[in-house]
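The values are calculated or read from the model by the stated rules, or taken from the named source; none is laboratory data. Just so it is clear, the model here is predicted, and its values are computed rather than measured. All Cβ positions, glycine included, derive from the backbone under ideal geometry; neighbour counts span all protein chains shown. Please note that ligands, DNA and RNA were not included when accessible areas were found on the heavy atoms of the full protein model with its side chains. Shrake-Rupley method; radii C 1.70, N 1.55, O 1.52, S 1.80 Å.
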Amino acid sequence: MPKAKISALGCYTPPRILTNQDLEKMVDTSDKWILDRTGIRERHIADPEMATSDMAAAAARCALQQRGVDPEEVNAIIVCTVTPDMFFPSTACLVQNALGARGAWGFDLIAACSGFIYGLTTGAHRVAAATHQKVLVFAADTMSRIIDYPDRATCVLFGDGAGAALIEPAGDGDGDAGFIDFLGEVDGSGGDALKMPAGGSRLPSSHETIDQRLHYVHQDGQAVFKYAVRKMYESCRELLARNGLTGADVAMVVPHQANRRIISAATERLGVPREKVMINIDRYGNTTAATIPLATRDAIQQGRLKKGDIVLFTAVGAGYTVGASIWRWAF
């Protein structure tokens, strides 16, 4: 069976920026308060006419151009998002049409902040099974559309962005580059800690749900913080151990960018030095599924992730969802 590799990575963030100073004018908060508690300085916000599929398509064009691949060569599209353009059709259908990827089928995958890791794993297994040659995995979220900006506890956290990774079979010249292993877990008992309560079959849209502001993100920040630190550490520790690896073998840890303190606490417990941990939350905020591709792109551009390096992805998201995966980088 072939080994799957990530052969290209493209990202997109909308040009409009919302700074902490801007938020100071909107809610009772301060740049210092936000920076001290989250590590965020600014976040990108999509213009009203831009939707999740638009950002995803822009990221995919970057990835395909980087690899020199025509959209019609793509076999499958997996869109990881919690902010689809609409309930149906799936955002994957909209992206497929926007790209002109006429040879592809696809679907949406909902795992919140763990979405990109789940999508990469799904794509890698399809390539490894030799049923697909080119799979595009997207992580795209327009979180600004579901944020209650009068709520200072959540409005400071989130931004908009997208990433797209192309997964292909590794070739003879790739050595041992490619997918190594994955660990996933869900814990639905934490479902109430981070959610958008209304709009689904449990609580359909109504005047009451709108008046009660139930179509926005609701979060128990303390519960999410504690769970994320523990599970990011435990999942990474277990995944490394079962592959005979330690933190010393990892060239770069790319964690979900939810909060700088979560990242620091989890990676310190793992014994990974700070210089091996990619953090860029200061410039993007929490873009949910898109944080890991954005951080990976920045690690590559900074020369911190290179061909042959072992990279560890880790995330905890609403649900709760937990994901960690190990790859040997291919480019």
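If we scan region 73-96, do we find a residue that is under 30 Å from A128 (Cβ atoms), modelled with pLDDT of 95 or more and either touching a Pro at 6+ places or on another chain (Cβ under 6 Å) or of a type in the set (K, R) (or both)? Yes: region 73-96 contains one or more residues that are under 30 Å from A128 (Cβ atoms), modelled with pLDDT of 95 or more and either touching a Pro at 6+ places or on another chain (Cβ under 6 Å) or of a type in the set (K, R) (or both).
The rows are residues; the columns are (1) in a strand (DSSP E or B); (2) of a type in the set (K, R); (3) modelled with pLDDT of 95 or more; (4) open to solvent by less than 10 Å² (accessible area, probe 1.4 Å).
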| position | (1), (2), (3), (4) |
| --- | --- |
| F107 | yes, no, yes, no |
| A124 | no, no, yes, yes |
| A140 | yes, no, yes, yes |
| S144 | no, no, yes, no |
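Just one of the numbered conditions (1) open to solvent by less than 80 Å² (accessible area, probe 1.4 Å); (2) farther than 16 Å from F313 by Cβ; (3) in contact (Cβ under 8 Å) with a residue 60 or more places away in the chain; (4) outside any helix (DSSP H, G or I) is not true of R213: (1).
Among the residues of region 236-294, those identified as touching an Asp or Glu at 6+ places or on another chain (Cβ under 8 Å), within 16 Å of I310 (Cβ to Cβ) and either without any contact (Cβ under 8 Å) to a residue 60 or more places away in the chain or not in a helix (DSSP H, G or I) (or both) are N243, A251, M252, M278.
Among the conditions (1) free of Cβ contacts under 8 Å to residues at least 12 places away in the same chain; (2) within 23 Å of N286 (Cα to Cα), the only one that D151 does not satisfy is (1).
Checked against (1) within 20 Å of A318 (Cα to Cα); (2) free of Cβ contacts under 8 Å to residues at least 60 places away in the same chain; (3) in contact with a Phe, Trp or Tyr (Cβ under 8 Å, 6 or more places away or on another chain), A92 passes all but condition (1). Of the residues making up region 154-164, at least one is among the β-branched types (V, I, T) and surrounded by fewer than 21 Cβ atoms within 10 Å (Cβ to Cβ). Looking across region 127-138, just one residue is open to solvent by 30 Å² or more (accessible area, probe 1.4 Å) and within 19 Å of A56 (Cβ to Cβ), and that is K134. In summary, I77 fulfils each of the numbered conditions (1) within 22 Å of I146 (Cα to Cα); (2) open to solvent by less than 70 Å² (accessible area, probe 1.4 Å); (3) under 20 Å from the mean Cα position of the chain (by Cα) with the single exception of condition (1).
Selection of region 170-210 for residues being at pLDDT 95 or above, in a helix (DSSP H, G or I) and either within 24 Å of N243 (Cβ to Cβ) or open to solvent by 50 Å² or more (accessible area, probe 1.4 Å) (or both) yields G188, S189, D192, H207, E208, I210.
Taking the criterion of being over 16 Å from the mean Cα position of the chain (by Cα), of a type in the set (A, V, I, L, M) and assigned to a helix (DSSP H, G or I), the only residue of region 295-315 that qualifies is I300.
Among the residues of region 90-100, is any within 23 Å of A198 (Cβ to Cβ) and not in a strand (DSSP E or B)? Within region 90-100 (the criterion being within 23 Å of A198 (Cβ to Cβ) and not in a strand (DSSP E or B)), the answer is yes, since at least one residue qualifies. For V322, are the conditions met, namely being aliphatic (A, V, I, L, M), touching a strand residue (DSSP E or B) at 6+ places or on another chain (Cβ under 7 Å), surrounded by 17 or more Cβ atoms within 10 Å (Cβ to Cβ) and not in a loop (DSSP other than H, G, I, E, B)? It is true that V322 is aliphatic (A, V, I, L, M), touching a strand residue (DSSP E or B) at 6+ places or on another chain (Cβ under 7 Å), surrounded by 17 or more Cβ atoms within 10 Å (Cβ to Cβ) and not in a loop (DSSP other than H, G, I, E, B).
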